[in-house]
Amino acid sequence: MEHREKVKNYYLWLKARGQLWPFLSKSSLLSLISSQKTREIKVCFLGDGLLVNERGILVSNKDLSFTEAERELLLKMAFAMGLGEGEVILENIEVTSPEKVNTTQAQLNLLLRRFTPFVIITLGSFAAKALLGESIDFQKVRGQWSNTSLGEDQRLYEILPTFHPRDLLCSPEYKRPTWEDLKVVMSKLAEKRAIIS
């Protein structure tokens, strides 16, 4: 009963932040988390928790949620990739400021304790640097696979950086290269399905 209460609270927390797949009901989330067989999310879109203020400057977003426009675009991307209910999660990590990347390790551990995504797509340079190291050149690693140990058990995750949805909303010319990156992810998921089958 205590586990179900924790799951319920987590569901309400995600729902309040607008981070749930829109068709994912509380009961399906309960079964998703409770069942070892269906526990693995295929894709985690991981953002940086920053937003553009009224002066066009990136600032910390206290509730770590995507804007409505960003969330809508991410869900369109997931749908175009053929992902459906229970196969994707949208999440943000805490970045103290655009200049200094500081992943909240406890937050990342909590996410990876509940979900084990096949792949993690980092959105924008700050999220990529938080997972892959501050010294990376985002333009060089974008669209390329990296294997990184994450979480309390230091499990190896496959990570692919791409543009943040706010970049696509501000600069539509980034949409085509982003779609090329997503096609790389789709190929990886197809490989994994073939191995599992």
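The values are calculated or read from the model by the stated rules, or taken from the named source; none is laboratory data. Quick caveat: nothing in here was measured; it's all calculated off a predicted structure. Positions of Cβ are backbone-derived with ideal geometry, glycine not excepted, and every protein chain shown enters the neighbour counts.
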* Structure fact -> Of those in region 65-101 that are modelled with pLDDT under 65 and surrounded by 12 or more Cβ atoms within 10 Å (Cβ to Cβ), the residue nearest to Leu150 (Cα to Cα) is Val101
* Would you mind listing the helices (runs of 4 or more DSSP H) fully within region 116-191 where at least 2 residues are in contact with a Gly (Cβ under 9 Å, 6 or more places away or on another chain)? => 124-132, 165-170
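Being under 24 Å from Ala69 (Cβ atoms), of a type outside the set (Val, Ile, Thr) and out of contact with any Leu (no Cβ under 8 Å at 6 or more places or on another chain) narrows it down to one of Glu173, Glu134, Glu158, Glu191, so name that one. Break it down into steps so the answer makes sense when it comes.
On the way: Glu134 fails: under 24 Å from Ala69 (Cβ atoms); Glu158 fails: under 24 Å from Ala69 (Cβ atoms); Glu191 fails: under 24 Å from Ala69 (Cβ atoms).
The unique qualifying residue is Glu173.
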* Structure fact -> Considering residues that are under 15 Å from the mean Cα position of the chain (by Cα) and surrounded by fewer than 17 Cβ atoms within 10 Å (Cβ to Cβ), the number found within region 149-180 is 2
* Asked: Just checking, which of Ile196, Ile159, Ile121 is of a type outside the set (Gly, Ala, Ser) and modelled with pLDDT under 90?
  -> Ile196
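Output the residues belonging to region 116-130 that are touching a strand residue (DSSP E or B) at 6+ places or on another chain (Cβ under 6 Å) and over 11 Å from Val95 (Cα atoms). It would help to see each step written out before you state the result.
Taking region 116-130 as the starting set, the residues that turn out to be touching a strand residue (DSSP E or B) at 6+ places or on another chain (Cβ under 6 Å) are 117, 119-123, 127-128.
Those that are touching a strand residue (DSSP E or B) at 6+ places or on another chain (Cβ under 6 Å) and over 11 Å from Val95 (Cα atoms): Pro117, Val119, Ile120, Ile121, Thr122, Leu123, Ala128.
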